[in-house]
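Asker: This is the structure I have questions about; it appears just below.
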Amino acid sequence: MNSRDIPVRSIQVSQMKVQVYADREAMGAAAGKAAAQHIRSLLAKQPGVRMVFAAAPSQNEFLDHLAGEEGIDWSRITVFHMDEYIGLREDAPQAFSRYLQERIWHKVNPGLVHLINPSSGIDEECSRYAALLTAAPLDIVCMGIGENGHLAFNDPPVADFNDPAVVKPVELDDACRTQQVNDGCFATFEDVPTHALTLTIPALMGAFALFCIVPGVRKREALQHAIDLKRPLATDCPATILRTHSGCTVFTDQAAFGSSL
């Protein structure tokens, strides 16, 4: 085993596991390998696997490594994405469905790909996608944490740990929209859509396994809030709820983890 494969620090935060790697590349490689091993183990004992993916630059290294893993029968995997902007044209480069198609799905050819279509009626699309998501249990969610602590597009103002919905429309808060500019996805704040469709927090937390990939110094404040047990579970940092999931592993790098905890 290469020394870069070994986390420089591993901690347990309530039920959540946190593994810290030397840098972003090592983090992505470890997360991709761990997710692949879990997928293979599931496919060895059940007919298929149902997975939800996040679309963000924070996922780049992880998705690249996962796409390169061998011995996965992707034809038996059904994939979803966890959010999508409202109001973008269908061919916009920032569309999350396009990101995932280009970054991983066209490379591995999953058996079924379910895309969110926000150009149809919003209520009808929420109901349609919720029905697909709840048709059977979700095995895996591959996710990140936003600079404001959001999970998917559940920003602090709209996050609800007991949300009765599976998919809902939301208004994006300013910190979330600013992150899209910081990530290089949009040139200006005004270019970022104001609304989106998102899986809710209970929908994400309902999966059996969560692989949470959180690199970079801009994520440090949110990550430290999420793992600081002196701070309560609260929607001012939605990611704090991850502490309650025994199947959640956070893969991060030293830039995001810092040294204060």
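Asker: When you scan region 246-255, do you find a residue that is over 16 Å from Met82 (Cβ atoms), free of Cβ contacts under 8 Å to residues at least 40 places away in the same chain and under 18 Å from the mean Cα position of the chain (by Cα), even just one?
Answerer: Residues of region 246-255 over 16 Å from Met82 (Cβ atoms): 246-247, 249-255.
Adding the requirement that they be free of Cβ contacts under 8 Å to residues at least 40 places away in the same chain leaves none.
No, because not a single residue in region 246-255 is over 16 Å from Met82 (Cβ atoms), free of Cβ contacts under 8 Å to residues at least 40 places away in the same chain and under 18 Å from the mean Cα position of the chain (by Cα).
Asker: Can I ask one more? What single numbered condition from (1) modelled with pLDDT of 95 or more; (2) open to solvent by 20 Å² or more (accessible area, probe 1.4 Å); (3) closer than 15 Å to Leu197 by Cβ; (4) small (Gly, Ala, Ser) fails to hold for Gly111?
Answerer: (3)
Asker: Take the residues of region 229-254 that are crowded, with 17+ Cβ neighbours inside 10 Å and hydrophobic (A, V, I, L, M, F, W, C): which is farthest from Arg9 (Cα to Cα)?
Answerer: The extreme case among them is Cys237.
Asker: Something else now. Under 7 Å by Cβ, and 6 or more places apart or on different chains, what pairs join a residue from region 56-83 that is among the hydrophobic types (A, V, I, L, M, F, W, C) with one that is surrounded by fewer than 19 Cβ atoms within 10 Å (Cβ to Cβ) and at pLDDT below 95?
Answerer: Every condition considered, the pairs that remain are Ala56/Asp183.
Asker: Are any residues in region 183-211 open to solvent by 30 Å² or more (accessible area, probe 1.4 Å), touching a residue at least 24 places away in the same chain (Cβ under 8 Å) and hydrophobic (A, V, I, L, M, F, W, C), and if so, which ones? Break it down into steps so the answer makes sense when it comes.
Answerer: At the first step, the residues of region 183-211 found to be open to solvent by 30 Å² or more (accessible area, probe 1.4 Å) are 183-185, 187-191, 194-195, 202, 205-206, 208.
Now restrict to residues that are touching a residue at least 24 places away in the same chain (Cβ under 8 Å): 183-185, 194-195, 202, 205-206, 208.
Hits for region 183-211 are Cys185, Met205, Phe208.
Asker: Among the residues of region 155-182, which ones are buried (at least 21 other Cβ atoms within 10 Å of the Cβ) and farther than 16 Å from Thr194 by Cβ?
Answerer: Ala159, Val167
Asker: Please work out which one of (1) over 15 Å from Phe53 (Cα atoms); (2) in a helix (DSSP H, G or I); (3) in contact (Cβ under 8 Å) with a residue 24 or more places away in the chain is the condition Ile104 fails and give its number.
Answerer: Condition not satisfied by Ile104: (1).
Asker: Sticking with this one: Report yes if Asp73 is within 16 Å of the chain's Cα centre (by Cα) and of a type in the set (D, E, K, R), otherwise no. Spell out the reasoning first.
Answerer: Values: within 16 Å of the chain's Cα centre (by Cα): no; of a type in the set (D, E, K, R): yes.
Considered against the rule, which asks whether it is within 16 Å of the chain's Cα centre (by Cα) and of a type in the set (D, E, K, R), Asp73 comes out as no.
Asker: Based on this model, can you work out whether Asn148 counts as touching a residue at least 40 places away in the same chain (Cβ under 8 Å) and either open to solvent by less than 50 Å² (accessible area, probe 1.4 Å) or β-branched (Val, Ile, Thr) (or both)?
Answerer: On the way: touching a residue at least 40 places away in the same chain (Cβ under 8 Å): yes; either open to solvent by less than 50 Å² (accessible area, probe 1.4 Å) or β-branched (Val, Ile, Thr) (or both): yes.
So Asn148 passes the test.
Asker: Only one residue in Ala131, Ala136 is more than 12 Å from the chain's Cα centre (by Cα), in a helix (DSSP H, G or I) and more than 25 Å from Arg243 (Cβ to Cβ), so which one is that? Walk me through how you get there before you give the answer.
Answerer: Details: Ala136 fails: in a helix (DSSP H, G or I).
So the residue among Ala131, Ala136 that is more than 12 Å from the chain's Cα centre (by Cα), in a helix (DSSP H, G or I) and more than 25 Å from Arg243 (Cβ to Cβ) is Ala131.
Asker: Taking region 69-111 as the region of interest, how many residues are within 17 Å of Cys142 (Cα to Cα) and in contact with a strand residue (DSSP E or B) (Cβ under 7 Å, 6 or more places away or on another chain)?
Answerer: 13
Asker: Separate question: Do you know which residues across region 60-101 are surrounded by fewer than 16 Cβ atoms within 10 Å (Cβ to Cβ) and farther than 19 Å from Gly32 by Cβ?
Answerer: Matches in region 60-101: Ser75, Gly87, Arg89, Glu90, Asp91, Ala92, Pro93.
Asker: If you go through region 107-129 one residue at a time, how many are among the hydrophobic types (A, V, I, L, M, F, W, C), in contact with a helix residue (DSSP H, G or I) (Cβ under 7 Å, 6 or more places away or on another chain) and in contact (Cβ under 8 Å) with a residue 40 or more places away in the chain?
Answerer: 2
The values are calculated or read from the model by the stated rules, or taken from the named source; none is laboratory data. Please read all numbers here as calculations on a predicted model, not as lab measurements. Cβ sites come from the backbone with ideal geometry, for glycine too, and all protein chains shown count toward neighbours. Keep in mind that these areas ignore ligands, DNA and RNA; they rest on the heavy atoms of the full protein, side chains included. Shrake-Rupley method; radii C 1.70, N 1.55, O 1.52, S 1.80 Å.
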